[in-house]
Amino acid sequence: VYYQCVLNNGISVTIVQDKTSEKSSCALSVRTGAMHDPLPGIAHITEHAVFLGSEKYPVENAYKNYLNQHGGGSNASTSMDQTTYKFYVNADAFDPALDIFSQFFKCPLFQTETMCREVMAVDAEDSKNRIIDARRLLQVHIQNFQLGI
């Protein structure tokens, strides 16, 4: 069964329901990515940092631990024009996982210590990718887009 709607806040939602599935999942795509960065790497750092706690769930690894304890996992990716966050978990553990996940976008913590650590992680990831020709070409395209070339 498929359902589609638009929430009062303008967010488009698609729900796929399969009552026989052992797992449930969720994905959220935000229409901002690397080409929209006011400073290089902001979208990617944000992608990492939102998972580090929220006002309601301030313990840094609460989300990851919950998913691991309930047969799940998560990931995220930043492309040129969007950032996508996703998770899966045992179906009977979905509602609490969705609550934890949604809080990252309502009231993320973005604490200085964790943000600094994520800047270093993203920088290390960027450094290892700089030797890959396709990644270097992507950086040229990003800079040209930002400069209006």
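Assorted remarks:
- Heavy atoms of the protein chains alone define the surface here; on that basis the chain has 68 Å² accessible area per residue at 1.4 Å probe size.
- Using just its DSSP H runs of length 4 or more, each adding -39500 (n - 2.57), the chain gives a mean residue ellipticity at 222 nm of -13000 deg cm²/dmol after division by all residues.
- Loop-located GluC sites (Glu not before Pro) in region 53-145 (DSSP state not H, G, I, E or B) with no more than 10 neighbouring Cβ atoms inside 10 Å: Glu55.
- Solvent-accessible area, 1.4 Å probe, carbon plus sulfur percent, for the chain: 55
- Cα-based Rg / Dmax (Å) for region 68-149: 17.0, 51
- At full extension, Leu7 and Ala134 could sit 41.9 nm farther apart than now, given 0.36 nm per residue minus the alpha carbon distance.
- Cα-based Rg and Dmax for the chain, where Dmax is the largest Cα-Cα distance (Å): 17.2, 51
- Loop trypsin sites (Lys or Arg not before Pro), region 1-102, which have at most 12 other Cβ atoms in a 10 Å radius of their Cβ (DSSP): Lys19, Arg31
- Förster radius 35 Å - calculated FRET efficiency between Asp99 and His36 (Cβ-Cβ, nearest 0.05): 0.80
- Added length on full extension, which subtracts the Cα-Cα distance from 0.36 nm per residue, Gln17 to Met80: 19.6 nm
- Under 23 Å of direct C-alpha separation, and excluding same-chain neighbours fewer than eight residues apart, Lys64 reaches these lysines: Lys23, Lys56, Lys86, Lys106.
The values are calculated or read from the model by the stated rules, or taken from the named source; none is laboratory data. This one's a predicted model, so the numbers in the text were calculated from it and none came from an experiment. We place every Cβ from the backbone using ideal geometry, glycine too, and count neighbours over all the protein chains shown. Only protein heavy atoms, including side chains, enter the accessible area calculation; ligands, DNA and RNA are left aside. Shrake-Rupley method; radii C 1.70, N 1.55, O 1.52, S 1.80 Å.
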